[in-house]
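Bear in mind that the values in this text are calculations on the coordinates, not laboratory data. Please read these numbers as outputs of a predicted model, since none were measured by experiment. Neighbour counts are summed over all protein chains in view; Cβ atoms, including those assigned to glycine, are modelled from backbone coordinates with ideal geometry.
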Amino acid sequence: MEEYTIRPGGALRRAEEPGEGTRLVRMTEEEFAALPQEMPHRRRLERSLETVRYCKAESFGGSAQGVLRLPGRGEEAPLTFGFYLWRRELLLIGGGEALDRRLEGLRDTLPGDGSPRHLLLAVLEHLIGGDLLYLQEVEEGLEEIEEGLLQRVPEHFYETVIRRGKELSALHAYYEQLIDMGDHLSGEAAGEEGRFWQLFTNRAERLHNHVEMLREYLRQIRELYQTQIDVQQNRVMTILTVVTTLFLPLSLIAGWYGMNFPNIPILHQRWGYAAVAAVSAGIVAAEILYFKRKKML
């Protein structure tokens, strides 16, 4: 368990004395379960921490609690943890080292008044602080996929698109849940605090809209891929049609002169073979010229 104290001016320090300022406490699920029973609705949060599938916040009189599930980025696993607001304390439960890494630099974004709700707001703001840059990186990755698709049809296109689609769907749901959390907590806040929570909600909504735009962009890329496949198939069918048409007259001539009738014209002439070969070559040349004029070759 790690305890910090936030004081007026936003200074975050190791807690030295009980009750000194607002306390930020990092603990595991086991440590939270061992806390005194007088904390209201603590068992409810413990049950929520068993399986965290989405973000939510609940208020019960003087306390507030909830869980968060941050989507993984790339190969990272989703980050889950809970929070509990009680008196002058903000408890962050679970998350392990992954949460500690995400909270690096938090002291630079702390509010000046040091209230627990402001501290929770600072944590949430810090967690989404770099999301816009990450979404821009995702957009650049989609642009690279689109540019590569215009050059050639990639072999593992659907694997890449499905992975990106799942990631964007998780982010879409995540920001939507943050908007609900912000609306819920801002509805219980008054004055300046309520305005800060509304600003957070607006920021989450802008990120949500950005993800929606990326999802639409991804759908357009999938449509472009299907168009490229159709063009490729049409090109192959055109070539097969041209080749079949070129050799169809030759097949007719070969079948005609392959019949076992003794009176077939020029069959017994010395120049018969050369004449048939010349006629066949002329037919092929005429067909090639025709297809080139029609821009089929």
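Worth pointing out:
- Under the span-like rule (Cα at least 18 Å along the axis, Kyte-Doolittle mean at least 0.5), DSSP H helices of the chain: 272-293
- Once the convex hull of all Cα atoms in segment 230-293 is built, its volume per residue stands at 75 Å³.
- Loop-located GluC sites (Glu not before Pro) in segment 146-198, at most 10 other Cβ atoms within 10 Å (DSSP): E155
- Most mobile listed residue (I266, I239, I162) in the chain, GNM with C-alpha springs under 10 Å: I266
- Taking the DSSP beta bridges with both ends in the chain, the antiparallel portion is around 85 percent.
- Interatomic Cα distance distribution for segment 63-169, bins of 5 angstrom, percent: 2, 9, 17, 18, 15, 11, 9, 7, 5, 3, 2, 1, 0
- Simple spin-label estimate for F60 and F261 in nanometres, 7 Å along Cα-Cβ: 10.1 nm
- Residues considered: R69, R47, R219. Largest GNM mean-square fluctuation over the chain, using C-alpha springs under 10 Å, is found at R47.
- When the chain is treated as a Gaussian network with alpha carbon springs shorter than 10 Å, the biggest mean-square fluctuation among G62, G105, G272 belongs to G272.
- Gain on full extension, evaluated as 0.36 nm per residue between E140 and E31 minus their Cα-Cα distance, stands at 35.0 nm.
- Cα coordinate range in the chain, projected on the principal axes (Å, largest first): 119, 34, 30
- Helical runs (DSSP H, four residues minimum) scored at -39500 (n - 2.57) apiece and divided by the length of the chain put the mean residue ellipticity at 222 nm at -20500 deg cm²/dmol.
- Spin-label pair V243/R88, simplified geometry with 7 Å Cα→Cβ offset, distance in nm: 8.4 nm
- Candidates per chymotrypsin sites (Phe, Trp or Tyr not before Pro) in segment 199-294, loop by DSSP, up to 15 other Cβ within 10 Å: W271
- Extension gain (nm, one decimal) between E76 and E46, 0.36 nm per residue minus Cα-Cα: 8.3 nm
- Near-label residues of segment 233-260 by backbone N, under 17 Å of a point 7 Å along Cα→Cβ of V153: 233-241
- Backbone amide hydrogens, once placed in the peptide plane, bring G72 within less than 5 Å of L79, excluding anything fewer than 5 places away on its chain.
- Here the spin labels are modelled as points 7 Å beyond Cα on the Cα-Cβ line, and at S251 and E188 they lie 7.9 nm apart.
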